[in-house]
Amino acid sequence: MITASPGARITPSAHAPMTDWRQLWREAVTDAAELLGLLGLPHLARQLPPADAGFQLRVPRGFVARMRHGDARDPLLLQVLPQLAELDEVAGFVVDAVGDLAARETQGVLHKYHGRALLIASGSCAINCRYCFRRHFPYGEEMAAAGQWRQALEHLRRDDSISELILSGGDPLALATSKLEELSRGLADLPHVTRLRIHTRLPVVLPERIDPAFTAWLAALPLQKVVVLHANHANELDERVDTACARLRDTGASLFNQSVLLRGVNDDAEVLAGLSERLFAAGVLPYYLHQLDRVQGTAHFEVDDIRALALMEALRARLPGYLVPRLVREVGGEASKRPV
Ligand SMILES: *Cc1c(COP(=O)(O)O)cnc(C)c1O
Ligand code: SF4
């Protein structure tokens, strides 16, 4: 007769209690005056644009905790705080800067580059970044209805030149893991798709999203896995983000980062070098540094190409080549991102 050994039992206290990421998502700060109060900057509330300039503030509390108290120029705060400058009309800054947003929304699949198809898997984000095209496209929560998976998978099935599926959005990790499981079941009979790439800001802004159910799903996928994070400043990475990255790497995924070059946030060689170093410490390689899409309401973030190139020069002078991101711009109708 076998008796259970008490010593073999897993005690719940052996695991730190984990807050459910959906709860943290719901508890995000959505009131600009509250955010300023939390940061000891209540006087700045007088300078807020009405109704958040049409794009609601949203920022998880864990991300707020990484902002410097009392600093109106904090690089994380500047990425999320509505500004009066967003109301300025600036020539060349338009609602649909990337040009294909309407098409994206109806089709859900973007197949612009050879071998790679991009699926708009979710319209939601845990954070609202002021510089993002999403400010004009408040997609619904449920982009990834079953019908849309079907449409995307149909497209992949018809074209065996596609070897990589990119999940993007919005943020694809806004989807419940059960939704991602649905998608991967659909991929099972598409032998030419050998890589899955996920573009996500969640491991940075809400690292609790990288929970055991998600990592189990990712680890079990019979595909090569690539995760492209999105961080713009070293201060966005803390120990929780390190943990999320370590868990992602444990699934066998390769980790990269893309950033957007933003005036006042990271348009400084020291800051960009610090970001690359910090990413590498977390096991992440810098991939792209994007020139801003010229989206209405974002002109105050723009860095001109001359300065951007000078920053790249300074980065090359101080970093190993593998820590220097590629400076690129998205231009409609081209076969790849265009190097600046
Ligand atoms: C950016 C992008 C990709 C990925 O391009 P890479 O250069 O491979 O990172 C793929 N499809 C679309 C539509 C894109 O915008
Ligand atoms: S898509 Fe990315 S950049 Fe845009 S709001 Fe969402 S997380 Fe921010």
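Derived scalar couplings between HN and Hα for the stretch 202-209 equal 5, x, 8, 8, 8, x, 4, 4 Hz in order, rounded to whole Hz, by the Karplus curve 6.51 cos²θ - 1.76 cosθ + 1.60 (θ = phi - 60°), x for Gly and Pro.
Placing R0 at 22 angstrom, the Cβ-Cβ distance between His192 and Glu334 gives a FRET efficiency of 0.35 after rounding to 0.05. Here the label points at Phe280 and Ala317, each 7 Å from Cα along the C-beta direction, are separated by 1.9 nm in the simple model. Sorting Leu255, Leu309 from the fewest to the most surrounding beta carbons within 10 angstrom yields Leu309, Leu255. Ranked for footprinting exposure by Cβ neighbours inside 10 Å, fewest first, Tyr288, Tyr131 give Tyr288, Tyr131.
In this structure, the amide hydrogen of Lys112, modeled 1.01 Å from its nitrogen in the peptide plane, lies closer than 5 angstrom to those of Leu118, counting only residues at least 5 positions away or on a different chain.
Note that the stretch 45-55 has calculated 3J(HN,Hα) couplings of 4, 5, 9, 6, x, x, 6, 6, 6, x, 9 Hz, one per residue in order, obtained from phi through the Karplus relation 6.51 cos²θ - 1.76 cosθ + 1.60 (θ = phi - 60°); glycine and proline are x. The average projected area of the stretch 101-339, computed from the convex hull of its Cα atoms over all directions, is 12.2 nm². Amide H contacts of Val29: Val59, Arg61, each under 5 Å away and 5 or more positions distant or on a separate chain (H built 1.01 Å from N in the peptide plane; Pro and chain starts excluded).
Take the Cβ atoms of Arg158 and His114, set R0 to 22 Å, and the FRET efficiency comes out at 0.90. Within the shell of other residues whose beta carbon sits under 13 angstrom from the beta carbon of Arg66, the net charge comes to -2, with Lys and Arg scored +1 and Asp and Glu -1.
Footprinting exposure proxy ranking of Arg66, Arg307, fewest other C-beta atoms within 10 angstrom first, gives Arg307, Arg66. Reducing the stretch 174-193 and the stretch 245-282 to their Cα centroids gives an inter-centroid distance of 27 Å.
Backbone geometry of the stretch 272-289 corresponds, through the Karplus equation with coefficients 6.51, -1.76 and 1.60 at θ = phi - 60°, to 3J(HN,Hα) couplings of 5, 5, x, 5, 4, 4, 5, 4, 5, 4, 8, x, 10, 9, x, 10, 10, 10 Hz, x marking Gly and Pro.
Per-residue ellipticity at 222 nm computed for the chain from its helices equals -8500 deg cm²/dmol, with DSSP H segments shorter than 4 residues left out and the rest contributing -39,500 (n - 2.57).
Each value in this text was obtained by applying a stated rule to the coordinates, not by laboratory testing. Everything numeric here is computed off the predicted structure, so don't read it as measured data. Positions of Cβ are backbone-derived with ideal geometry, glycine not excepted, and every protein chain shown enters the neighbour counts.
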